[in-house]
1. Taking the Cβ of Glu510 as the centre, find all other residues whose Cβ is under 11 Å away and add up their charges (Lys, Arg: +1; Asp, Glu: -1).
2. Would any residue of the range 625-640 have its amide N under 17 Å from a label point 7 Å out along Cα→Cβ of Asp559? List them or say none.
3. Based only on the alpha carbon positions, what is the Kirkwood hydrodynamic radius of the range 518-631, in angstrom?
4. Work through the residues other than Pro11 whose Cβ is under 14 Å from its Cβ and net out their charges, Lys, Arg +1 and Asp, Glu -1.
5. If amide hydrogens are placed 1.01 Å from N in the peptide plane, which non-local residues have theirs closer than 5 Å to the one on Gly599?
6. From Cα coordinates alone, what are the radius of gyration and Dmax values for the range 312-392 in angstrom?
7. Just to check I understand the Karplus step: with θ = phi - 60° and J = 6.51 cos²θ - 1.76 cosθ + 1.60, what whole-Hz values come out for the range 12-23, glycine and proline as x?
8. In straight Cα distance, which aspartates and glutamates are under 17 Å from Lys270, not counting same-chain residues fewer than 8 positions off?
Amino acid sequence: MSVPELFIRRPVMTTLVMSGILLFGLIGYRLLPVSDLPSVDYPTIQVSAGLPGANPEPWLRPWRRRWKSSSRSSPAWTPCRRSARWAVCKSPSSSRLIVILTRRRRTCRRPLPAQPGNCRRTCPSPPTYQKVNPADAPILYLALNSPTLPLSTVDDYAETMLAQRISMITGVAQVSVYGSQQYAVRVQVDPNKLAAYGIGIDEVESAVEQGNVDQPTGTLYGRHQAFTVQATGQLQKAADYRPLIVAYRNGHPVRLQELGRVIDSVQNDKVAAWYNTHNSSARAIVLAIQRQPGANTVAVVDNITRLLPQFRNQIPAAVHIDVLFDRSQSIRASVADVKHTLFIAVCLVILVIFLFLRNLSATIIPSLALPMSIIGTFAAMALLGYSVDNLSLMALTLCVGFVVDDAIVMLENIVRHMENGEPPMQAALNGSREIGFTIISMTLSLSAVFIPVLFMGGLVGRLLHEFAVTTVVAVLVSGFVSLTLTPMMCSRFIRSEHGKKHGRLYDAFERFFDGMRGVYDRSLQTVMRHRLATLNVSLAVLVATLALFVVIPKGFFPDDDTGQIRGSTEAAQGISFEAMREHQMAVAKIVAADPNIDGSMSFIGGGGGNNGRIFMRLKPRSERKLDANQVIQELRPKFAQVPGINVYLQNPPTIPMGGMMSKALYQFSLQDTDTKELFHWAPILMARMAEQTNLLQDVTSDLLVANPQVVVEIDRDKSSALGVTAGQIENALYDAYGSRQTSTIYTDITNTGSFWKSNRNFNVTRTRSGSSTSAVRSPIPTACRSIFRSAP
């Protein structure tokens, strides 16, 4: 018994099988995540080292050497190390080592090389490593600002309430904070007063460290009751630090408030973020939310937005929460557009079938192969971990024309037997038996076309893998439906119409089809009589196709207008924070005045003091005349009029390439074992590339080696004569201009914070781990100044 005969003779079984396909397909569709494209991740490991006020490269270099030599110490790590490419990105006070696995081994299930011991001893913030995915851009930006409350209070609500709660939502991978303003007590020391009292900066540091403590104090045991001993050694606010006694002079205490100003401030006052609209511009705290690989973007955003009313009720009314950008909106629009296209394609295919068959029952039978094949494919997609995205839906749209071919071939052969006088059951058995092998061969041959795509490597292979599998599954399901459901329904619902009289509409279509057949017959005869001319026309078409292939612009992926524009700002190296803020605000004003832009976020600070970022949210496409690329070209001449700063804009690609976020869409890495030679030729190459204005624009480099420096030459003879060692001098320099951790404040806040450089003051800062750091910064003590002045 053949497969079609088995299902023809058992209609109940056939119905149950088809119902099972529909049921599992619908369940699978509900489980499928929604995204714009298939999940394409770069297995990237990022090692970060930061040392405010110093060059972190010496601290990162041992880790890099450890990576290179890890094959000797850890053979299990060698396959991952050999299948990787990596780069180092340096800027003042921070460095990043980025390792990208390039072979098909996409993850390393072995521990990373151990961190060198010298990093643990010398780094206040030891280098950290984490697995990142540069292809996952934030899906949601939230901006918090307040016209009345200080930013440190807004930051507390943002990081302790919103960020923690959002990070617990299923599908959220990371919540990054831009413009963080964590609370800190800052002491601005007056060097003249230090000199007048004869107090060294190390004494101020020691007084802050010893005056703010939180240590266990034990338990007091009595005869009948035990008491926990609590001491008030912890200081919380600036007012608590002002009375601290730093030293005694002439029998009188010298308090901290007598040496400078003690104020409530923020941990890093060299970082800032603004939220700009057409109506206002205000300092803000911006939360950038990233999803986990494979998570449903739309569902994650919906879960977050459902919490926003609760957040607004729990925080003060003076704190405003605005959605700066919602990636799910463009995904919903694009997926809805593809679904609409798929629906139109299904309707057109059914209409064409009806026009040619002109029979309702004969039209329904092959048309059922469409929903059965598409819905059945959803079950396989859910099982394989795929998503409903533009490529998978495009594959289903492409399959609309494929999946009905097998059913139509089966239907036509069965109808032919009916027209020869066979009863429906016998016609279905004979017709399916004859055409069954043909349908199997058609299905397998069509599926084999997409098999090479499954073996493609690199990013293109990962991107098209889901497309190919979806197409193959849909074709295989359609073949199964054509061998089972189609002949069974033909045996029950098709009746021979041989000799039956039809209406005028049927006769009109019949005459139209006869006319089309006649036109084709005459054109075929003409071509056969002029074979040489036909061959010449075919060759001309081939040559024209090759010429157009050379002329047509080429790219990896077409530009997509997702309603966002990203920009990077760059000023002269060594620019002050205040000057950078003025330049950034000038750029933000131009952005706010553009009629195509609905809102923007501007950010400066972080690793490089001369760099900033700006994020623009465009108005809906129906409310603006220009697309994202045209808006960028319109903004370029406006930004060029702002002196002292360069703005590099880009329409974010659908799939970011590379492991580093750069200022442009394309990156070119220059490598050399000789650093001096690399530093010499890199600017020359950049200048030559910038000359190609007809091909390239926004040519820049991430090489920051021209930052102004002050070199302190230590006169070791004089320092030894004064009893001062080189280590004490460098410690004094770091106390004055660096960020040494000296004290902690334990609070109820549980987020993790950062510590940044701030000159000529010291601060006691509160980190989000419940601890706090402080740094003493002041001009060089009087005891050391003579050494520096007399140095050659």
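Please treat every number below as a calculation from the coordinates, not as lab data. What you are looking at is a predicted structure, and each value in this text was computed from that prediction instead of being measured. Backbone-built Cβ (ideal geometry, glycine too); neighbour counts: all protein chains shown.
1. Within the 11 Å Cβ shell, the charges total +2.
2. Those under the cut-off are 625-639.
3. Result for the range 518-631 stands at 19.3 Å.
4. The answer is +2.
5. So Gly599 has HN proximity to Arg617.
6. 21.1, 68
7. Listing the rounded values in order: 5, 4, 4, 5, 5, 5, 5, 5, x, 4, 5, 5 Hz.
8. Asp155, Glu570, Glu578, Glu582
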